[in-house]
Structures are given as structure tokens and as C-alpha cells.
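Just so it is clear, none of the values below were taken in a lab; they were calculated from the coordinates. None of these values were measured; they are calculated from a predicted model. Neighbour counts are summed over all protein chains in view; Cβ atoms, including those assigned to glycine, are modelled from backbone coordinates with ideal geometry.
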Amino acid sequence: MKSLAVFASGGGSNFKAIHHSIISGKILGKIALLLSNNPNCGAVQFAEETGIANAIFNNSRYPEKKNRDDAILEILQDIEPDLIILAGYMKKIPDSVVHHFKSRIINIHPALLPKFGGKGFFGMKVHQAVIEAGEDRSGATVHFVNEEYDKGPIIAQENVIIDPQDSAESLAEKVLKIEHELYPQVIKAYCEDRIIWKNNQPKIEEAIEN
Ligand code: GAR
């Protein structure tokens, strides 16, 4: 069984969907730790309610960035998770963590990367930009994390159609719905060693049915 560490900052609906897929037996993994910058967010509250260990790293607890980054690396090295999952985490992962856990950190982004990604594109800002650009579709992207925001190799994407009457809010709802399907599928594949690399690109291998 794979050990998982999850980072989240917000409502935590992806974190809850992942947890649900674990307790229903779909994902063969265990959430060892939830890390957050926001002690009052829904994800931390859910971790408390479900007995998942959690740890907060923010400016008020660690005013010095270097100390904060070192503390994040240290706690992750203590548990050495097989996979680190960014589930609505609105801060940059320290480079030291990215180096140590190379190809073991994944993120979900609420748009079809490489469009609408990079610094400043997070949460509702992404959906606002997509609507303002007059796109007729958006979606969700799961990718490996490297040192650059939203630039790591793409593992999987799923589309949603944008209707003319859609607002940023209604688009966010549509995209979240597919995130809750897509992210558990990718994590399940990772936990079953079904993410393979071909020509430096990750790809999900189909599960073999018994
Ligand atoms: C999700 O839409 C996720 O893709 C996005 O934040 C939302 C978190 O929702 N992540 C980013 O924008 C990261 N750049 P949740 O807290 O309900 O899972």
C-alpha cells in the first residue's frame, strides 16, 4: 500500500474525494499526512474530523521562508511518502521538496494546461480568465510538479464544454465535478504502478481486469 501526503489550502473537496476513494477501497493507499498553510480551511477541518494527521506551515508559525521550507522538507522526509498530492494548494512547493521527491509530486489544475496556467493562475482566477477569453471548453489537468508553476509533464486531462451562459462560478462547479473523478483515477493508477514513462512523457496504462 502506498503512503500519500496531501497539500491543501481551501474547501478540500478534492481531498475529500481522494479520501472517499481510499475508504471505498478504490485507491490502495493511505493518507499519512495533510499539510496546509491555512489552519481554518475545510481540508484541515475534514482531516481533524476523520483523524488524519495534519500540520500547518504558514507565515505566522514560520515567519522565515527558509525555516518554513526546511520544516516542510523535514516532516516529509520523516514519513517519505510514495506520492505527494497537491489538492488545491495555493502556495509554491519549496524547490528542496521538488528535488527530493522528483516525479513523486502531482498537482491538479482547473484548466487545460498549458493554457491558463502559471503564476497568478489559481482557483477562481483561472475560471475568470477562461470565461473572459471566450473559450468554448475548459477542463482539468493532472501533472507532475517541477520547479516551474504548472509546467511539469501532463499525466491526464479531461474536458468540459462551456455554455454561453456559463459564469466563472458555474464553470468552477463543472470543473470541480470532473476533478473529483479524474484525480482519484490518476492516484489509483499511481498506487498500482500504472503510470509509465515513454519518451519523457508520463502515460497511464490500462488496468488489467481479472
Ligand atoms: C480546485 O479547482 C483545484 O484544481 C484548484 O483549486 C481548487 C481547490 O478546490 N487548484 C489550483 O488552482 C492550484 N493552482 P478544493 O479545495 O475544493 O479541492
Point to revise | Phi-based couplings in Hz for segment 76-87 (Karplus 6.51, -1.76, 1.60; Gly and Pro marked x) | key: 6, 5, 5, 9, 6, x, 6, 8, 10, 10, 8, 10
Review point. If you place +1 on the Cβ of every Lys and Arg, -1 on the Cβ of every Asp and Glu, and leave all else neutral, what size is the dipole of the chain about its Cα centre, to the nearest 20 Debye?
Key: 320
Point to revise | Three-way shape call for segment 90-210 based on the alpha-carbon gyration tensor, with the a/c threshold at 1.5 | key: oblate
Exercise for review: Using +1 at the Cβ of each Lys and Arg and -1 at the Cβ of each Asp and Glu in segment 107-210, identify which of Gln157, Val145, Tyr183 lies farthest towards the dipole's positive end.
Suggested key: Val145
Point to revise | Alpha-carbon centroids, segment 167-185 and segment 1-36: separation in whole Å | key: 17
Study note, to complete from the structure: In segment 1-74, the GluC sites (Glu not before Pro) that sit in a DSSP loop and have at most 16 other Cβ atoms within 10 Å of their own Cβ are Glu64
**Study point:** 12 Å beta-carbon shell around His143, net charge (K/R +1, D/E -1)
**Key:** -1
Check your understanding: Taking R0 as 25 Å, what's the FRET efficiency between Ser24 and Glu173 from their Cβ-Cβ distance, rounded to 0.05?
Key -> 0.60
Check your understanding: Using helices alone, what [θ] at 222 nm do you get for the chain, with -39,500 (n - 2.57) per DSSP H run of 4 or more residues, divided over all residues and rounded to the nearest 500?
Key -> -11000 deg cm²/dmol
Review point. Once a ≥ b ≥ c are taken as the square roots of the eigenvalues of the Cα gyration tensor of the chain, is the result rounded (a/c under 1.5), prolate (a/b larger than b/c) or oblate (a/b not larger than b/c)?
Key: rounded
Point to revise | Anchor Lys174: lysines whose Cα lies under 20 Å away (excluding residues fewer than 8 positions away in-chain) | key: Lys16, Lys115, Lys125
Practice item. Tell me the trypsin sites (Lys or Arg not before Pro) within segment 133-185 that lie in a loop according to DSSP and have at most 16 other beta-carbon atoms within 10 Å. Key: Lys151
**Study point:** Magnitude of the charge dipole, segment 32-118, Cβ model with Lys/Arg +1 and Asp/Glu -1, debye to 20
**Key:** 440
Check your understanding: Expressed in nm to one decimal, what extension gain is obtained for the pair Ala55 and Ala71 from 0.36 nm per residue of sequence separation less their Cα-Cα distance?
Key -> 4.7 nm
Study note, to complete from the structure: So for segment 113-158, using the alpha carbon gyration tensor with a ≥ b ≥ c as root eigenvalues (a/c under 1.5 gives rounded; past that, a/b versus b/c decides prolate or oblate), I'd call it oblate
